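Have a look at the structure below, then the notes.
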Amino acid sequence: MDNIFGWIQLALYVAVLLALTKPMGIYLARVLDAGGRTFLDPALGPVERTFYRLLGVDPKREQSWVEYAISLLVFSLVGFLFTYAVLRFQNLLPLNPQGFGPLSPDLAFNTAASFTTNTNWQNYGGESTLSYFSQMVGLVFHNFVSAAAGIAVAAALIRGIARHSARTIGNFWVDLVRINLYLLVPLCLVYAVFLVSQGTIQNFKPYVKAEVVEQAAGKPSVQTIAQGPVASQAAVKMLGTNGGGFMNANAAHPYENPTPLSNFVQMLSIFLIPSGLTYTFGRMVNHRRHGWAIWTAMTVLFLAGALAAWSAEARGNPNLTAVGVDASQGNMEGKEVRFGVFDSALFATITTDASCGAVNAMHDSFTPLGGLVPLIDIQLGEVIFGGVGAGLYGMLVFVVLTVFLAGLMIGRTPEYLGKKIEAYDVKASAVTVLVPILSILGFTAWAAVSAWGVAGLHNAGPHGLSEMLYAYSSTTGNNGSAFAGLSGNTAWYNTTLGLAMLAGRFFVMVPVLALAGDFASKKRAPQSGGSFPVSGPVFVVLLIGTIVIVGALTFFPALSLGPVVEHFLMGSGKLF
């Protein structure tokens with residue numbers, strides 16, 4: 001960790017993120033206000049009204065939390081079925097110059113569930129499996145609308161906390177249209193042009209055949225170089241914290257992430273909207289210091305993970321050093337030499353803090369403690385900025401639990417921003433925390449004792465367990481990254497991983513909307529001197545402690561059998 005350039009880049013990253021948080025938060029508040037005005041209104045206002053007419057939506061009519069949840073679920077189901085059909089019949093659809101055939105039913109189910117839930121887990125190689133039409137229409141459609149759905153649920157919860165004695169929390173269809181029209185589409189257009197300027201490709205050409213310069217024995221003399229509309233997908237995969245790459249190598253591929261500048265901007269864009277939402281929240285509940293306190297807690301957790309991963313990877317692997325591999329650059333296995341150890345560790349931390357899942361290095365090749373960091377990031381609920389929308393509403397659930405626990409400790413009825421936290425709120429919050437836990441540990445245990453689960457492992461011993469645990473953590477957490485050593489394209493894995501994605505998304509969103517509805521209906525009482533302060537160092541420490549303790553108590557036994565044991569075995573010179 002003596003790389004001065006790494007420290008400078010880390011400081012620059014946090015400084016730029018901090019500088020962009022307030023302006024992004026202000027703009028988001030205007031987008032999420034159905035009557036709010038943005039600088040794009042003159043051009044896009046007529047388009048917005050046209051969408052409402054086509055959908056048959058009255059933008060002035062708001063919904064209860066039940067109506068909001070039903071709209072979300074119905075829309076997601078229709079989108080899932082649409083993408084499943086596209087993947088199953090892509091051989092009959094246009095823009096398929098490679099002549100790719102249809103996906104199997106289980107892989108189509110897994111992929112449709114993956115992109116519907118904003119997970120973007122990929123049990124296939126994008127450039128060798130999917131047509132341009134499948135990529136651009138079947139998948140990118142969800143990159144926009146699933147990201148918008150996450151932001152919409154966060155907006156609904158913010159409104160629920162901000163309002164009092166109300167029965168409605170907004171209109172899902174209005175939120176969906178405005179988030180895409182005024183936020184995601186304009187940003188992605190500018191972002192895609194930037195990526196093209198850096199060297200990311202954007203075309204519809206057939207794949208290129210090239211003669212290799214140096215032919216290895218037994219290897220083909222012709223290399224196939226993939227082409228396609230990459231920049232448009234790379235832009236929304238980062239801004240929408242989707243993560244699904246056009247290429248199998250994702251952001252490690254030079255066609256998706258060509259330069260150090262593109263790498264920095266891609267990392268920044270992952271946190272951009274989640275960071276801005278913390279300011280949006282503080283602004284909409286009229287408590288900006290509370291919004292900044294949440295941002296501070298997220299940043300502290302982010303820096304702790306980034307420094308831990310960097311430290312582990314910078315020390316290298318003693319087993320490789322023992323056989324003569326130069327350790328001066330740290331553990332370079334599975335990493336792009338263009339980025340090195342620091343940028344790989346930072347990218348891995350950011351992409352798993354958020355529910356992005358894009359990678360510029362292979363997490364399977366990290367050291368045990370280096371790989372432990374992204375695994376823990378996901379298991380903590382991906383609330384360290386988190387996915388667009390999902391990170392904020394996940395963090396607000398922990399805020400509710402923190403205030404509730406603090407109230408119990410001082411013997412007072414817990415109050416949050418003038419509203420009493422009651423049994424219903426605690427139960428809804430507990431469900432959002434328990435569902436991912438049951439999914440991750442339940443599916444991992446099932447796979448670990450099943451022949452189909454063990455058959456998919458690339459490694460034995462504790463690293464094999466880590467591969468399973470990471471897979472179900474990533475899919476349940478709607479992250480999408482992988483240890484890359486698991487052969488997941490089987491009927492059993494495709495099905496169980498798909499079910500984990502659906503559970504981790506919708507079995508969490510619905511309780512969050514229920515929480516929003518309950519908060520909106522409450523009366524607000526003036527805060528007294530006995531009310532627990534939700535800003536300042538004490539609150540930040542308690543919030544961080546609640547998040548870490550829940551994750552540590554829940555997953556520590558499984559982590560002890562995986563990366564922790566592997567770390568000690570690595571130190572003793574034993575390999576699996």
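Among rounded, prolate and oblate, which fits segment 389-571 when a ≥ b ≥ c are the square roots of the eigenvalues of its C-alpha gyration tensor, a/c under 1.5 means rounded, and a/b larger than b/c means prolate? Prolate is the answer for segment 389-571, as a/c is 1.5 or above and a/b outweighs b/c. Counting neighbouring Cβ atoms within 10 Å and putting the fewest first, the residues K209, K237 line up as K209, K237. If we count every other residue with Cβ under 12 angstrom of T367's Cβ, Lys/Arg +1 and Asp/Glu -1, where does the sum land? Taking every other residue near T367 into account, the sum is -2. Remark: S232, S146 ranked as S232, S146, counting other beta-carbon atoms within 10 Å and listing the fewest first.
Judged by the mean number of other Cβ atoms found within 10 Å, the most tightly packed of the peptides 45-58, 163-176, 373-386 leads the ranking 373-386, 163-176, 45-58. Using the Cβ-Cβ distance between A327 and W452 with R0 set to 41 Å, the FRET efficiency works out to roughly 0.60.
Ranking N263, I151, Y191 by how far each Cα lies toward the positive end of the dipole of segment 138-269 (charges on Cβ) leaves I151 at the top.
In sequence order, segment 51-59 has phi-based couplings of 4, 4, 5, 5, 7, x, 9, 8, x Hz under the Karplus curve 6.51 cos²θ - 1.76 cosθ + 1.60, θ = phi - 60°, and Gly or Pro positions carry x. Centre-to-centre separation between the Cα atoms of segment 279-353 and those of segment 209-252: 25 Å. Here is how the number arises for the chain: DSSP H runs of 4 or more residues each give -39500 (n - 2.57), the sum is divided by the residue count, and the result at 222 nm is -20500 deg cm²/dmol. Packing, as the average of other Cβ atoms within 10 Å across residues, places the peptides 279-285, 355-361, 431-437 in the order 355-361, 279-285, 431-437, highest first. Cross-link reach is defined here as a Cα-Cα straight distance under 25 Å, omitting same-chain residues fewer than 8 places apart; for K427 the lysines meeting it are K419, K522, K523. Taking the fewest neighbouring Cβ atoms within 10 Å as the starting point, the ordered list for S197, S572 is S572, S197.
For the chain, the Kirkwood radius over C-alpha pairs fed into Stokes-Einstein at 20 °C and 1.002 mPa s yields D = 89 µm² per second. Each Lys and Arg Cβ is given +1 and each Asp and Glu Cβ -1; about its Cα centre, segment 289-420 then shows a dipole of about 660 debye. Residue-wise HN-Hα couplings along segment 64-72, as the Karplus relation 6.51 cos²θ - 1.76 cosθ + 1.60 with θ = phi - 60° gives them from phi, are 6, 5, 5, 4, 4, 5, 4, 4, 4 Hz; Gly and Pro carry x. Rounded to the nearest 20, the size of the Cβ-charge dipole of segment 389-571 about its Cα centre is 620 debye, with Lys and Arg at +1 and Asp and Glu at -1.
Each peptide in 17-26, 500-509 gets a packing score, the mean of other Cβ atoms within 10 Å over its residues, and the list from highest to lowest is 500-509, 17-26. Here segment 86-101 is scanned for amide nitrogen atoms under 20 Å from the site 7 Å beyond the Cα of A491 along Cα-to-Cβ, giving 88-89.
Computed FRET efficiency, Cβ-Cβ of R37 and H164, R0 30 Å: what is it to the nearest 0.05? My answer for the efficiency is 0.75.
We did not get these values from a lab; they are worked out from the coordinates using the rules stated. Model, not experiment: these values are computed from the prediction. Here Cβ is always computed from backbone atoms with ideal geometry, including for glycine, and neighbour counts include all displayed protein chains.
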